[in-house]
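Chemist: Dumping the structure here so I can ask a few things about it.
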Amino acid sequence: MDCCDQYGITNYPIYSIYNSSLVISKILNDRPTKLFLGITAFFVANALIAECIGGKIFSLEKLLGINPFSFSFFGQSGLAFNLTCGVLLWPLEFVITDIVNEYYGPKSVKRISYTAVVLILYAFIMFYAAMEIPPADFWIGSGVEKGIPNMQLAFGGIFGQGMWIIVGSLTAFLVSQIVDVTVFHKIKKATGEKWVWLRATGSTMVSQMVDSFVVLFIAFKIGNGWSWQLVLAIGVVNYMYKFTMAIILTPLIYFIEQKIENYVGKETAQKMKREAMGLANE
């Protein structure tokens, strides 16, 4: 015991700072913890970017350099692969979900999902606040030379997504994440450590189907009065893309798992997988 402790005058603020530094140092030196923090940061950023760019609709056929298709589903003709730009990033969310599921367990997936939703909601609140702030007069016409006659309207057009779309998107995201976690672990309990592709791709296919129809139902059936035929037709088109991407991205799961094993070590990686399944004592 030092002299300060002896007379009961320990400098608690200094001790607290010192103790906090030790905790931070421990976190920064623990590779599984650092990995989780990095994954969480990317997961949230990717989800937020997907929401922000989701207002633009693009032609998948034109992106691939082919003529747009024209097909029919449920009596809806003239359908093509016209997709929101958000779908370019959302498949990565489900890849990350499977990785977190594999190494950190379902509770961690739910934690990063809730974190993403809260921060996306915060972002949209700030977007709407920024839209309502009175613009400077000179700024409104500052984009005329670039073909933008009213910067305030352009700003609102980009960031002012409809409330039903926001509610539908976030609800579909949360529901699909829970479905993904559930299906993933049911498959893993049945197959053990084998068949990574089955639990990763299988859970993604199921959760993406839920995501496709929930967002359309809330945002456009309830919010805009679409017919059931149109909701089903657009949902099938969206799911065809997501289904294909789930298969294409399957090798990425193996690539990321290999990188994680190299980063934390094979023994640690196996321990993380056992703990994720609640088998730490086996």
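Chemist: When you go through 217, 184 one by one, which is the residue that is buried (at least 18 other Cβ atoms within 10 Å of the Cβ) and farther than 18 Å from residue 98 by Cα?
Modeler: Answer to the selection: 217.
Chemist: Report, ordered by the first and then the second residue, all pairs with beta carbons closer than 9 Å, sequence separation of six or more or different chains, a first member in region 246-268 that is without any contact (Cβ under 8 Å) to a residue 12 or more places away in the chain and aliphatic (A, V, I, L, M), and a second member that is part of a helix (DSSP H, G or I) and surrounded by 13 or more Cβ atoms within 10 Å (Cβ to Cβ).
Modeler: 248/91
Chemist: Further question: Taking into account only those residues within region 247-273 that are at pLDDT 90 or above and among the charged types (D, E, K, R), which is nearest to the chain's Cα centre (by Cα)?
Modeler: By that ranking, first place goes to 257.
Chemist: Could you check region 77-112 and list, in sequence order, the residues that are open to solvent by 50 Å² or more (accessible area, probe 1.4 Å) and among the polar types (S, T, N, Q)?
Modeler: Of everything in region 77-112, those that are open to solvent by 50 Å² or more (accessible area, probe 1.4 Å) and among the polar types (S, T, N, Q) turn out to be 77, 82.
Chemist: Also, I was wondering about something else. Identify, by number, the condition in (1) assigned to a helix (DSSP H, G or I); (2) surrounded by 14 or more Cβ atoms within 10 Å (Cβ to Cβ) that residue 55 doesn't meet.
Modeler: It fails just one condition, (1).
Chemist: Can you list the helices (runs of 4 or more DSSP H) found entirely within region 97-195 that contain at least 3 residues being closer than 20 Å to residue 223 by Cα?
Modeler: 106-132, 151-159, 163-191
Chemist: Hey, any hits in region 27-42 for a residue that's assigned to a strand (DSSP E or B) and on the phi < 0 side of the Ramachandran plot?
Modeler: No.
Chemist: Restricting attention to region 188-201, which residues are surrounded by fewer than 18 Cβ atoms within 10 Å (Cβ to Cβ) and not charged (D, E, K, R)?
Modeler: Across region 188-201, the qualifying residues are 190, 191, 192, 195, 196, 197, 198.
Chemist: A further question follows. Could you tell me which residue of region 61-107 is nearest to residue 276 (Cα to Cα), considering only residues that are in contact with an Asp or Glu (Cβ under 8 Å, 6 or more places away or on another chain) and hydrophobic (A, V, I, L, M, F, W, C)?
Modeler: Going through the qualifying residues, I end up with 99.
Chemist: Residues being at pLDDT below 90 and assigned to a strand (DSSP E or B): count how many of those fall in region 59-96.
Modeler: Of the residues in region 59-96, 10 are at pLDDT below 90 and assigned to a strand (DSSP E or B).
Chemist: Determine whether region 227-239 contains at least one residue that is without any contact (Cβ under 8 Å) to a residue 24 or more places away in the chain, over 27 Å from residue 39 (Cα atoms) and open to solvent by less than 40 Å² (accessible area, probe 1.4 Å).
Modeler: For region 227-239, residues without any contact (Cβ under 8 Å) to a residue 24 or more places away in the chain, over 27 Å from residue 39 (Cα atoms) and open to solvent by less than 40 Å² (accessible area, probe 1.4 Å): present.
Chemist: Another one. Considering each of 79, 92 in turn, give the residue that is of a type in the set (A, V, I, L, M, F, W, C) and touching a strand residue (DSSP E or B) at 6+ places or on another chain (Cβ under 6 Å).
Modeler: Residue meeting the stated conditions: 79.
Chemist: Right, next: Applying the selection to region 131-147, what residues are open to solvent by less than 50 Å² (accessible area, probe 1.4 Å) and either under 24 Å from the mean Cα position of the chain (by Cα) or among the basic types (Lys, Arg) (or both)?
Modeler: none
The values are calculated or read from the model by the stated rules, or taken from the named source; none is laboratory data. Predicted model, so just to flag it, every value in this text is computed and none were measured. Heads up, the Cβs are rebuilt from the backbone with ideal geometry, glycines too, and the neighbour counts pull from every protein chain shown. With ligands, DNA and RNA removed, areas are computed over all heavy atoms of the protein, side chains included. Shrake-Rupley method; radii C 1.70, N 1.55, O 1.52, S 1.80 Å.
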